[in-house]
């Protein structure tokens with residue numbers, strides 16, 4: 001029996017969410033250390049420069065893991081404290097790697113402990129759409145989204161899917177208790193998986209991403225999707241140099 005992901009069912013409280021995030025990072029990357037958080041003084045200086053108070057959840061996220069660029073910046077970018085900025089009445093804290101979209105917190109919601117997160121429309125600049133109900137939910141979901149970019153994955157693949165493949169995934173893998181994401185491309189992005197496999201489906205683009213911690217979970221996934229006739233655009237079944245899985249490859 002495959003173990004569930006620590007973030008499959010998102011905990012209700014923020015402390016529990018940060019604990020789950022810490023566990024997730026420890027499984028897929030290297031464990032968090034005391035040096036992985038941003039300095040509180042840097043966040044204080046950002047507040048002074050902006051003339052605002054940062055939500056407590058944003059401070060908690062940054063001080064927990066804000067310096068882990070392997071987790072947050074392998075593709076898109078978590079904005080450094082000194083570069084936080086207000087644009088279009090939104091505090092922007094995350095930017096897509098080509099600047100296509102930005103994520104942020106509405107200025108009107110900055111007084112909330114765990115405010116909602118909005119994402120810029122891919123079709124209309126300066127038009128913002130709700131991405132997550134809370135910032136802590138966004139942080140955990142972004143960590144899951146970013147796993148496919150990690151150099152620590154045992155195996156990975158991506159390519160165009162189809163309805164048969166989407167049905168097989170939904171029937172055989174638990175759906176993460178996140179809202180469907182608008183990004184990328186307004187495509188109703190969903191996440192599935194267990195502790196050793198993360199699957200992302202982009203229904204607007206018919207794209208599938210998979211990342212695994214063990215070769216066996218990757219092979220099971222590929223065998224499951226074989227009847228759907230999926231041809232991966234790119235994939236890897238080689239161990240990344242210098243990394244040994246912490247999972248049981250059985």
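The values are calculated or read from the model by the stated rules, or taken from the named source; none is laboratory data. Remember, predicted model here, so these are calculated numbers, not experimental data. Cβ sites come from the backbone with ideal geometry, for glycine too, and all protein chains shown count toward neighbours.
Evaluated against (1) under 15 Å from the mean Cα position of the chain (by Cα); (2) under 21 Å from residue 72 (Cβ atoms), residue 180 falls short on exactly one condition, (2). Does residue 65 fit the bill of being under 17 Å from the mean Cα position of the chain (by Cα) and at pLDDT 95 or above? Judged against the criteria, residue 65 is a match. Is it true that residue 164 is outside the structural domain of residue 64 (by TED's automatic domain parsing), outside any strand (DSSP E or B) and more than 17 Å from the chain's Cα centre (by Cα)? Taking the combined requirement at face value, the residue satisfies it. Can you confirm whether residue 140 is touching a residue at least 40 places away in the same chain (Cβ under 8 Å), more than 17 Å from residue 208 (Cα to Cα), outside the structural domain of residue 206 (by TED's automatic domain parsing) and outside any helix (DSSP H, G or I)? No, not satisfied. Of all residue pairs spaced 6 or more apart or on separate chains, those with beta-carbon atoms under 6 Å, a first member in region 148-164 that is more than 25 Å from residue 73 (Cβ to Cβ) and a second member that is surrounded by 21 or more Cβ atoms within 10 Å (Cβ to Cβ) are 161/208. Note on region 81-99: residues that are in a loop (DSSP other than H, G, I, E, B), surrounded by fewer than 19 Cβ atoms within 10 Å (Cβ to Cβ) and touching a residue at least 24 places away in the same chain (Cβ under 8 Å) amount to 2. Residues of region 38-62 that are within 30 Å of residue 4 (Cα to Cα) and either surrounded by fewer than 19 Cβ atoms within 10 Å (Cβ to Cβ) or over 22 Å from the mean Cα position of the chain (by Cα) (or both): 56 alone.
On the stretch given as region 190-231, residues that are free of Cβ contacts under 8 Å to residues at least 24 places away in the same chain and surrounded by 18 or more Cβ atoms within 10 Å (Cβ to Cβ) total 3. Within region 190-205, the set of residues being in contact with a helix residue (DSSP H, G or I) (Cβ under 8 Å, 6 or more places away or on another chain) and modelled with pLDDT under 95 comprises 203 only.
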